Amino acid sequence: MSEQSSPVRVVSARRRPHVVIVGGGMAGLMCIRALRKADVDVTLVDRHTYNAFQPLLYQVATAGLNPGDVTYFLRAARMSQRNISFRQGELVGIDSDAQTLAFKDGGSMSYDFLVLSTGATTNYFGTKGAEENTFAIYTRAQALALRDRIFTNLEHAAASTSGEELCIAVVGAGPTGVEMAGALAELRNDAMASIYPELDPRRTHIVLIEMAGKVLGPFDVKLQEYAAKALRERGVELRLNTSVAEVRPDGVEFGDGSFLKAGAVVWATGVTIPKLVAGWGLPQGRGGRITVDENLRVIGHKNIFAAGDLALTPDPLPQLGTPAQQEGKHIGKQISAQIIGRPLTAFTYHDKGTMATIGRRAAVCDIKVLGKSVRYTGSLAWLTWMLLHIVLLLGNRNRLATFVNLFTKYLAPSRRTNPIVGDVPVFEHGQAIREEEQKKQA
């Protein structure tokens, strides 16, 4: 039979189930890994093209790490897993009947399974002026903005002759606030004398503000006491049992009416679910979190899952990295099981403990071993914290760069530490003189 008269054989390819994961944080990336060998096509959707390792963003903000050290290009995940693709976009609507997604840019996408892991954002608790006049450290851009403000204030103070005192206020004494305050104190104590000889470190104040009467509220009392003592030893002023009534461009007004002048205010307390989640048409519970069942499926939806800060489980879990990782991995396994006809299994959280660092050779650890808490502080806790955070980073280049930078910062002589900074606006000396004259006239 000639080639021209040969019948055409039509082969129809079977379409694999399409799993869409919205959110490239810890939960989303762990879900992707769990689907590595599954017979599915995975699309990761995120409004950013990178994953930022949030536990170390405060190091970027205090010039200890490069932003590239703690960020991971999401498209790079395809280099080790060929069944995934990436789509940059912001989810604005879900049609669960048609199984389609709508994006802010006008695009759409269909799905067979949907995993929502977009995380949370900063909660300002309705505090007047907080959103406009504070610096959060939830994204890479926010960390860089804070870093630039800190060094802008230092350069301006160095150019001025007024000798005016500087203050950086940190609101919230949870792990993020404690770590930020400790890093700022070490920047002042270790680097300022050499790098800014014009400034007196004793006139630069770090103030940690907390509405409760203790720092590190979720931790054991002894660990709280150790952290408070370590902060005070580093020259951090603790203002406990102090509420914030308003944040102004030039400082903080407290609940009792007193005022603290500050060149920068860091907001390190509270998270909330973004308002756009309400437009997805899914059930929400306390704090706006999407309610899920024991299998991490969204209530009333068989093929939609939620994980991480966004998900409200029957037994609510803390909005931390460890639950997010475990939930993402569990959902990946659940989807793999459904595809081959296996039943779902309930999610069980394994508490591995918590930790926080105050600074060089000072940290607190509460590790769970065989269901029991093992608590320790000091150098060993600090080494545990540093090594664990390096391991949790994505990408070997990031791990190596972070190790080198942290090793240099904490173990090398402090006088040789070179802060990692960006551009700051030039402060004209004439402007400084005019401002000082205006203050005297006022």
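The values are calculated or read from the model by the stated rules, or taken from the named source; none is laboratory data. Computed from a predicted model, the values in this text were never measured in an experiment. Note that each Cβ is placed from the backbone with ideal geometry, even for glycine, and that neighbours are counted across all protein chains shown. Surface areas here come from the heavy atoms of the whole protein model, side chains and all, with no ligands, DNA or RNA. Shrake-Rupley method; radii C 1.70, N 1.55, O 1.52, S 1.80 Å.
Values for this structure:
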read-out: Residue match in segment 361-368 (condition: within 29 Å of Leu223 (Cβ to Cβ), in contact (Cβ under 8 Å) with a residue 12 or more places away in the chain, part of a loop (DSSP other than H, G, I, E, B) and not aromatic (Phe, Trp, Tyr)); value: yes
read-out: Ala306 crowded, with 20+ Cβ neighbours inside 10 Å, touching a Gly at 6+ places or on another chain (Cβ under 6 Å) and touching a residue at least 60 places away in the same chain (Cβ under 8 Å); value: no
read-out: Filtered residues of segment 62-78 (kept if open to solvent by 30 Å² or more (accessible area, probe 1.4 Å) and part of a loop (DSSP other than H, G, I, E, B)); value: Asn66
read-out: Matching residues, segment 307-347, being within 22 Å of Arg16 (Cα to Cα) and in contact with a strand residue (DSSP E or B) (Cβ under 6 Å, 6 or more places away or on another chain); value: Ile331, Ile335
read-out: Residues of segment 84-106 classified as more than 26 Å from Thr269 (Cβ to Cβ), open to solvent by 20 Å² or more (accessible area, probe 1.4 Å) and not in a strand (DSSP E or B), total; value: 7
read-out: Where a residue in segment 211-231 is without any contact (Cβ under 8 Å) to a residue 60 or more places away in the chain and open to solvent by 50 Å² or more (accessible area, probe 1.4 Å) and its partner, wherever it lies, is of a type in the set (A, V, I, L, M, F, W, C) and in a loop (DSSP other than H, G, I, E, B), with Cβ under 8 Å and at least six apart; value: Lys214/Ala173; Lys214/Leu240
read-out: Filtered residue count, segment 348-357, keeping only those that are touching a strand residue (DSSP E or B) at 6+ places or on another chain (Cβ under 7 Å) and among the polar types (S, T, N, Q); value: 2
read-out: Sole exception among (1) surrounded by 14 or more Cβ atoms within 10 Å (Cβ to Cβ); (2) touching a residue at least 40 places away in the same chain (Cβ under 8 Å); (3) outside any strand (DSSP E or B); (4) not hydroxyl-bearing (Ser, Thr, Tyr) for Ile358, by number; value: (3)
read-out: Within segment 116-174, considering residues that are acidic (Asp, Glu) and not in a helix (DSSP H, G or I), the one least open to solvent (accessible area, probe 1.4 Å); value: Glu164
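Here is a yes/no grid of residues against (1) over 23 Å from the mean Cα position of the chain (by Cα); (2) outside any helix (DSSP H, G or I):
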position: Val266; (1), (2): no, yes
position: Ala278; (1), (2): no, no
position: Gln325; (1), (2): no, no
position: Gly332; (1), (2): no, no
position: Ile335; (1), (2): yes, no
position: Gln338; (1), (2): yes, no
